[in-house]
1. Within the range 415-431, name every residue whose backbone N is under 13 Å away from a label modeled 7 Å from Cα of residue 336 along the Cβ vector.
2. Please compute the length gained on full extension between residue 133 and residue 270, using 0.36 nm multiplied by the number of residues separating them and subtracting their Cα-Cα distance.
3. May I ask you to compute the full-extension gain from residue 217 to residue 46, defined as 0.36 nm times their residue separation minus their alpha-carbon distance, rounded to one decimal in nm?
4. What percent do you get for the relative contact order of the chain when only Cα pairs under 8 Å and 6+ apart count?
5. What value, in deg cm²/dmol to 500, does the helix sum -39500 (n - 2.57) over DSSP H runs of n ≥ 4 give at 222 nm once divided by the residues of the chain?
6. Pulled fully out, how much extra length does the chain show between residue 147 and residue 168, if you take 0.36 nm times their separation in residues and subtract their Cα-Cα distance?
7. Can you sort 399, 123, 327, 250 by how many other beta carbons sit within 10 Å, fewest first?
8. Label the range 252-357 by shape, choosing from rounded, prolate and oblate, from the square roots a ≥ b ≥ c of the eigenvalues of the Cα gyration tensor; if a/c is under 1.5 it is rounded, and otherwise prolate applies when a/b is larger than b/c, oblate when it is not.
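All of the numbers you see were taken from the coordinates with simple rules; none came from a lab. Here the structure is a predicted model, which is why all the values come from computation and not from measurement. Positions of Cβ are backbone-derived with ideal geometry, glycine not excepted, and every protein chain shown enters the neighbour counts.
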């Protein structure tokens, strides 16, 4: 039972972090939102009710998102047409959600999304999985499944079949983010139902272990009530390795506050004290937040200026209402943005050694920006896995609610343009040195990115 509770925490906490990062990413202005309660997923909606909601969603996407400034493209028009065809007969709110989700996912913008509220009555399967570059694996022993088992199929569908299906209903800019969100959603009853993975209250799982295929059935069970997590891990920390002349600054969330600033200052004090020549910024678990953490970090780097992100704005009535713009239509692009670096006054803390950034599929939003700014300004080397976010992407979300179903949804109204646009187009930030985590690394409790970093510093092949 303890493992089940821990597992539930592991699948729930990332959703909370990702949602929090999305809501607050570059949206410091507070606006009142008088949102009503969403209808129960089992409520039946009429064709007319669904048309009202679908019209509202389509019109909002058309009027607000930077990608639709010249209208929907052919693929989006096709998906919207199919959506109207699918709502000719009454259906449940839960079923309707996925039709709406296909429409908003067609933007291929991970910050524009629609959310379905879950309750304690919603069921899940106890499938502690991890989705790596080379496939899906079991990461904890549960029932007949063992840590390290490779998942061959879920509900009769292979990894590739699941990816194709999930790409239609998970707002994402690349396959990495589909995997990140896919592993979270693949245990939830609404998604399992939509993907037709449930068979008489069970989900069939086939894994491979020691060259043999093993089949098991996982029941749908109610979500457990779990206590407060007292084993809270600090979201920012660092380690200094004097013998390696290495300092690693770990940042799991982009929160700009006194905790961050004091931790950063203490890090560079120790870097100076031990005359450290190599530092690494670990954003492998960073799903975003406040980009001012980057500017604060740069104050310790021995550069006079650097290129930063710019934001194209799509003006609309909705953006004017929520952001206070005078303009209510049009589009404005901004020139290249050069930041004059306001270095800290204590010159002993100014760093001029080598910089590395560690990335993963989970590196997203402002976490991704951190790596991109280092990359585009040629300040350091990126080590790890491709990120979950495009370097130039969309954001600064506006918040809405559908009038009938009550689904809340978020739509970007800015396009964030990376510092060095000559590096575009990219659907993710590709590391200079690719190092993927394998199931063997997890089983043997190894950190392949850190190990590779140390080899580079030691100048080993």
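1. 418-423
2. 45.7 nm
3. 58.0 nm
4. Here the relative contact order equals 18 percent.
5. Calculated mean residue ellipticity at 222 nm is -10000 deg cm²/dmol.
6. Contour length minus Cα-Cα distance gives 4.6 nm.
7. With the sparsest Cβ surroundings first, the list reads 327, 399, 123, 250.
8. It is prolate, given that a/c is not under 1.5 and a/b is the larger ratio.
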